[in-house]
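Everything on this sheet refers to the single structure shown next.
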Amino acid sequence: YTILSKVHSDRNVYPSAGVLFVHVLEREYFKGEFPPYPKTGEISNDPITFNTNLMGYPDRPGWLRYIQRTPYSDGVLYGSPTVENVGKPTIIEITAYNRRTFETARHNLIINIMSAEDFPLPYQAEFFIRNMNVEEMLASEVLGDFLGAVKNVWQPERLNAINITSALDRGGRVPLPINDMKEGVYVMVGADVPFSSCLREVENPQNQLRCSQEMEPVITCDKKFRTQFQIDWCKISLVDNTKQVSTFQEVIRGEGILPDGGEYKPPSETLKSRDYYSDFLITLAVPSAIALVLFLILAYIMCCRREGVEKRNMQTPDIQLVHHSAIQKSTKELRDMSKNREIAWPLSTLPVFHPVTGEIVPPLHTDTYDNTSMPLMQTQQNLPHHTQIPQQQSAGQYW
């Protein structure tokens, strides 16, 4: 296939530092760059995916994230710019891939970060919404509904969405594909007035105890969110930057020049020979000598220092020796008697009645026969006094 590449004109955006930035990569915007090749009567709906990176680098800036669920949905760039990037244009290269025709289209997104007048907002609250995915929350109407609910509860003069983070980026697990479960999303908002009494209810000892027991806390304003958003009040975070103690320490920067350590002197090319005989003695000979001495000591103790049976008997009382000898004799006598006793014959070796005469047929083996290898069953053909049953030869005649 021949892969073509087309470049769009640059697009400039002007987000504010500390305020949520959302940019949607619309598939319809890139469809015009790919020639349609549908069959007669079909509508072109090619799968399109996007790749985003900072110009000259393989990835995006740390504050910027990207998400696209399927090749048939729009991509979204979102994040919260930082103060360090104010005044520095950030150029993001966006490459669209047509997965049907293998064509590409590219254009640049120039992000000009502006400084906010009252940044940062001193009072910040982070909510965890359980019934939303990040791309659903990034929709303007959904985010507007959430900010409206927060504003109704908080009553601030100014309220901004600061950042949105998926629960998967915070160590959350991918939900099971049942009951339309969502992964959850964290939404941080900032305001210019202190927290309302409703938001302060999460800090009550009763609610803290219920959260520790994995129970839902009792929040009076929860019903204002419950119709559309399921808030996990145990995971809400309230930050008051007006009470934060600054722990910033001024960094004393040097001149950036390393101290002079002199000229580099490489080792000489001619190396002197080294004698490893002493190292051999230390690592091998000495441990071997110690092991040999220990072996000789153990051999002397085991072989030359044995007491013997006679010395043991001399130190043993006579009555104990008599008892031991009597036990040994009794054991030997019982073993000899067990060899000569009669054992029960297996059922397969019991006398068998003759099928015709009724005489008892003795076993096939003698008393000295080894019955360990005897078969369990004997057939009638193996009997010594087997007599063939008369058979009818002709009508009314037998022999």
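The values are calculated or read from the model by the stated rules, or taken from the named source; none is laboratory data. Predicted, not measured: the structure shown is a model, and the values here were computed from it. Heads up, the Cβs are rebuilt from the backbone with ideal geometry, glycines too, and the neighbour counts pull from every protein chain shown. The area values use the complete protein model at the heavy-atom level, side chains included, leaving out ligands, DNA and RNA. Shrake-Rupley method; radii C 1.70, N 1.55, O 1.52, S 1.80 Å.
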note = Between LYS243 and GLN208, the FRET efficiency computed from the C-beta separation at R0 = 25 Å comes out, to the nearest 0.05, as 0.80
query = Rolling a 1.4 angstrom probe over the protein heavy atoms, how many square angstrom per residue are accessible across region 8-154?
reply = 49
remark   = Ranked output for segments 320-328, 83-91, 173-181 by mean other Cβ atoms within 10 Å, highest leading, reads 83-91, 320-328, 173-181
ask   = If you find the alpha carbon centre of region 100-175 and of region 305-334, how far apart are they in angstrom?
value = 94
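Mind scanning LYS182/LYS223; LYS151/LYS235; LYS182/LYS243; LYS182/LYS235; LYS151/LYS182; LYS88/LYS243 and naming the pairs with a C-alpha gap bigger than 27 Å?
LYS182/LYS243; LYS88/LYS243
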inquiry  = Quick check: pseudo-label points 7 Å beyond the Cα along Cα→Cβ at MET181 and SER325, how many nm apart are they?
reply    = 8.4
remark   = A correct Karplus calculation of ³J(HN,Hα) over region 16-32, with 6.51 cos²θ - 1.76 cosθ + 1.60, θ = phi - 60°, whole Hz and x for Gly and Pro, returns 9, 5, x, 10, 4, 10, 10, 9, 9, 8, 7, 5, 5, 5, 9, 4, x
ask   = Peptides 145-153, 182-190, 50-58, 158-166: what's the order by average Cβ count within 10 Å, highest mean first?
value = 182-190, 158-166, 145-153, 50-58
Amide H contacts of THR49 (H built 1.01 Å from N, under 5 Å, at least 5 apart or other chain) = TYR97, ARG99
message = Highest mean first, how do 292-304, 127-139 rank when packing is the count of other Cβ atoms within 10 Å averaged over residues?
response = 127-139, 292-304
message = Using square roots of five times the C-alpha gyration tensor eigenvalues, list the equivalent-ellipsoid semi-axes of region 87-179 in whole Å, biggest first.
response = 30, 24, 13
message = Restricting everything to alpha-carbon atoms, can you work out Rg to Rh for region 123-240 with a Kirkwood hydrodynamic radius?
response = 0.95
ask   = Which value, in Å² rounded to 10, gives the accessible area of SER196 with a 1.4 Å probe and all protein chains present?
value = 20
